[in-house]
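A short write-up of the structure that comes next.
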Amino acid sequence: MKYYVNEDCIGCGMCANTCPEVFELKDDGYARAMDVDTDSPEAEEAMNGCPVNAIEEAE
């Protein structure tokens, strides 16, 4: 599964701390999902734990 961080991101860093293999904070302070296909339970945990629901499954 691939992930996407939408424009609702507030840059809290929770996703990058939970699953740094998939998520990172960009220079502007907001998160992005790297272009990796993963079944990582940590990536799903990051998506489900996002406080503003900014992480989605990529199509």
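The values are calculated or read from the model by the stated rules, or taken from the named source; none is laboratory data. Small disclaimer: the values here were computed from a predicted structure and weren't measured. So basically every Cβ, Gly included, is an ideal-geometry build from the backbone, and we count neighbours across all protein chains shown. We work out accessible area using only protein heavy atoms, side chains counted, and drop any ligands, DNA or RNA first. Shrake-Rupley method; radii C 1.70, N 1.55, O 1.52, S 1.80 Å.
A few remarks follow.
- Rg over Rh [alpha-carbon atoms, Kirkwood Rh] for the chain: 0.90
- In this label model, N48 and E7 are separated by 2.9 nm, measuring between points 7 Å along each Cα→Cβ vector.
- Check: the chain dipole with +1 on Lys, Arg Cβ and -1 on Asp, Glu Cβ, in debye: 200
- Whole-percent carbon and sulfur share, accessible surface of the chain, 1.4 Å: 43
- Environment charge of T18, counting only residues whose C-beta is closer than 11 Å and scoring Lys/Arg +1, Asp/Glu -1: -4
- Per residue accessible area of the chain, 1.4 Å probe, in Å²: 64
- Helix-only mean residue ellipticity at 222 nm for the chain, each DSSP H run of n ≥ 4 adding -39500 (n - 2.57), per residue, nearest 500: -6000 deg cm²/dmol
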